[in-house]
Amino acid sequence: MSDRLIKILIDSFPKILIPGLRMTIPLTLASFAVGFVIALALALIQVAKVPVLNQIAKIYIWIFRGTPLLVQLFIIFFGLPGLGVMLDAFPAAVIAFGMNLGAYNAEVLRSSIQAVPAGQSEAAALVGMTYPQIMIHVVLPQAFPIAFPPLFNSLIGLVKDTSLASSITVIELFTAAQQIAARTFEPFALYCEAAVIYLIFCTVLTALQGWLEKKLVWKTPEEKMVGATAAD
Amino acid sequence: MLEVKNLYKSFGSNQVLKGIDIKVDRGEVVAVLGSSGSGKTTMLRCTSFLEKADSGEMIFDGSHYEMEKIGRREIHQLRMHIGFVFQSFNLFANRTALGNVMSGLSIARKVPKSEAEKIAREMLSRVGMLNRADYYPAQLSGGQQQRVAIARAIATNPVVVLFDEPTSALDPELTGEVLDVMKKLAEDGMTMVVVTHEMQFAQEVADKVVFMDKGVVVEEAPAKQFFSAPKQERTLQFLRRTMRDYTYNI
C-alpha cells in the first residue's frame with residue numbers, strides 16, 4: 001500500500017465517521033422508532049382482529065413487504081412532490097424506512113404476541129382484567145422478550161439500509177465515502193473503509209444485543225432463585 | 001346463587017353439552033365428576049364465558065342472563081364476582097407470586113397498591129405460600145403454583161370459585177397439598193364448584209355431587225347419598241370402576 005493511499009484512508013476516516021455518527025445513527029434510531037410504533041399498531045390490530053382496520057393492516061404489510069425499499073424511498077422523496085407533498089431528505093428517509101420496517105416488524109410482534117400461551121390471557125380475563133389491561137400487564141411484557149432478537153436483527157439491518165438514503169441527497173456515512181472516492185479516485189479503498197465503519201457500528205450493536213438480552217429475561221430460575229433466597 | 005340451565009355447546013359437529021343444569025347455593029361445595037370427555041371442563045369454561053355457549057341461561061345473584069347473547073360488559077361484570085382455578089395453573093409468567101395475587105386487585109379493580117399487597121400477602125399466607133411471595137412461577141413446583149393460583153382466585157373476594165381439575169397436572173405427592181388448601185377453603189365457607197377426578201376429595205369435602213356423562217347430567221345428589229346409594233346404573237358403573245382403582249392404589 002502506497003503512502004498516499006494510507007494518508008487518504010487516515011484523513012478520510014473522520015470525514016466518513018462523523019456523518020456516520022451525525023446522520024446514519026440518528027436516521028437509524030428515528031426510523032426504528034417510527035417503524036416500531038407502526039409495527040405495534042399493526043400487530044395489535046391484527047391480533048384483536050379489528051374489522052376493516054385488520055384488512056387495511058394486511059394490505060399495508062403486503063405492499064411494503066412486496067416492493068423494494070429503494071423504490072419506496074424514491075416514491076416518497078421524488079414522487080410525492082408531484083402530488084404537492086414536499087419533504088426534506090431526512091424526514092423523507094425516516095418516513096420511508098419507518099414505514100418499511102413497520103411492515104416487517106408488525107409480523108415479528110404479531111407472532112410474538114401469538115406465542116404467549118392462550119392460558120395467560122384467559123387467566124387475566126378471569127381475574128377481571130379488561131382487554132387493554134391484559135395486553136399491557138400480561139401479554140406484551142411476555143411477548144417482548146420473544147420479539148427482542150428479531151427486532152434487534154431488523155435494527156442491525158436498518159443501519160446498513162440507511163446507506164440507501166445517499167441516493168436521495170441525505171449526507172450520511174456512505175454519501176461521504178462516495179464523495180471522497182470521487183475526489184481521490186480510490187473507490188476500492190474508500191468503499192472498504194465505509195464497509196469497516198458500518199461493521200464497527202454493527203459490532204457495537206451486536207454486543208449491545210447480547211448484554212440487553214441477559215438483562216431482559218426475568219425468568220432465569222437459578223439466578224432469580226439466588227436473589228429471592230438472599231431476600232428471605 | 002349461581003345457576004346454569006339448559007346449557008348447550010357444540011364444537012363443529014361434536015355436541016359436547018346437551019342441556020346441562022347445575023346449581024350452587026351459597027357456602028356449598030359442588031363436586032362435578034365424570035370420565036374424560038364427559039363435558040365437565042367445557043361446562044366450567046362456558047360458565048366463565050371462556051367458551052361461548054350455543055344456548056343456556058344463567059342466574060347469578062337473582063339476575064338472569066341469556067348465555068348465547070350476553071355482552072362483553074356483562075361478562076366482565078360477572079367475572080368480577082367469580083374466581084377460577086385452571087388445571088394448568090396459568091400464573092402470569094412475568095409476575096412474582098405476590099404480583100400474581102395482587103393483579104386482580106391492583107390492575108383489574110384499581111385497589112391502591114399498598115392495600116392490594118396487604119390483601120395479597122394475607123391470601124398467600126392462607127395457602128401457605130407467603131415465604132415464596134417474591135418467586136416467579138418458573139421457580140415454583142406445580143403444587144406451589146396451584147396454591148398461588150388459588151390465592152389469586154380468592155384474593156378478589158369472589159362469590160364462587162370454579163376449579164377446573166385443579167390437581168390433574170400434579171403428581172400424587174403435590175396433589176395432597178393443593179387438596180388440603182381447598183379443604184380449608186371449604187371449611188371457611190367458600191362457595192366452590194370443583195371439577196375433579198379426586199373421588200376421595202369429593203367424598204370428604206363436597207356437599208353435593210354432579211355426575212356427568214356424554215354431555216348430560218346423569219345424577220345429582222348430596223355427596224353421602226351419591227356414594228352410598230347411587231340411583232343410576234351408569235353412576236354405579238363409574239363408581240365401581242373408579243373406586244376399584246382407588247383400592248388398587250392402596
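The values are calculated or read from the model by the stated rules, or taken from the named source; none is laboratory data. Note that the coordinates shown come from a computational prediction; the quantities given were computed from them, not determined experimentally. Cβ sites come from the backbone with ideal geometry, for glycine too, and all protein chains shown count toward neighbours. Only protein heavy atoms, including side chains, enter the accessible area calculation; ligands, DNA and RNA are left aside. Shrake-Rupley method; radii C 1.70, N 1.55, O 1.52, S 1.80 Å.
What the table below lists for this structure:
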| read-out | value |
| --- | --- |
| Only Lys, Arg (+1) and Asp, Glu (-1) charged, at Cβ; the protein assembly as shown dipole about Cα centre in debye | 600 |
| Heavy-atom accessible area ranking, 1.4 Å probe, most first, across A:L9, B:L140 | A:L9, B:L140 |
| Rule-of-thumb Rg ratio for chain B [Cα; 2.2 N^0.38 Å; N residues] | 1.01 |
| Area accessible to solvent at A:V116, 1.4 Å probe radius, in Å² | 10 |
| Kirkwood-based Rg to Rh ratio, segment B:53-94, C-alpha trace | 1.07 |
| Crossing angle, helix B:113-126 versus chain B [Cα axis fit, 0-90 degrees, rounded to tens] | 50 |
| Accessible heavy-atom area order of B:Y8, A:Y104, A:Y60, B:Y135, highest first, probe of 1.4 Å | A:Y104, B:Y8, A:Y60, B:Y135 |
| Most positive-pole-ward Cα, A:M99, A:L27, A:P117, against dipole of chain A from beta carbon charges | A:M99 |
| Contact order relative to length of chain B, as percent, for alpha carbon pairs under 8 angstrom and 6 or more apart | 26 |
| 10 Å Cβ neighbours from other chains, averaged over peptide B:108-114 | 2 |
| Straight-distance crosslink candidates among lysines, where the alpha carbon sits under 23 Å from B:K184 and sequence neighbours closer than 8 are dropped | B:K23, B:K118, B:K208, B:K224 |
| Extension gain, B:L130 back to B:Q232 (0.36 nm per residue minus Cα-Cα distance, nm) | 32.2 nm |
| FRET efficiency, 1/(1 + (r/R0)^6) with R0 56 Å, evaluated for A:M86 and B:K18 via beta carbons | 0.25 |
| Shielding by partners - mean other protein chain Cβ count within 10 Å, residues of B:125-134 | 1 |
| Lysines whose Cα lies under 22 Å from that of A:K160, excluding same-chain neighbours fewer than 8 positions away | A:K15 |
| Cα-Cα P(r), the protein assembly as shown, percent of pairs per 20 Å interval | 20, 39, 25, 13, 3, 0 |
| Whether segment B:139-241 is rounded, prolate or oblate, judged on the alpha carbon gyration tensor where a/c under 1.5 counts as rounded | prolate |
| Volume of the Cα convex hull of segment A:3-225, divided per residue and given in Å³ | 147 |
| Candidate lysines for bridging to B:K69, where Cα separation is under 17 Å - those fewer than 8 sequence places away on the same chain excluded | B:K5, B:K9, B:K52 |
| Shielding of B:89-99 by partner chains, average beta-carbon count, 10 Å | 5 |
| For A:K58, solvent-accessible area (1.4 Å; no DNA, RNA or ligand), Å² | 100 |
| Simple Cβ-charge dipole of chain B, Lys/Arg +1 and Asp/Glu -1, about Cα centre, in debye nearest 20 | 460 |
| 10 Å-binned pair-distance histogram of segment A:74-171 (Cα, whole percent) | 14, 32, 22, 19, 11, 2 |
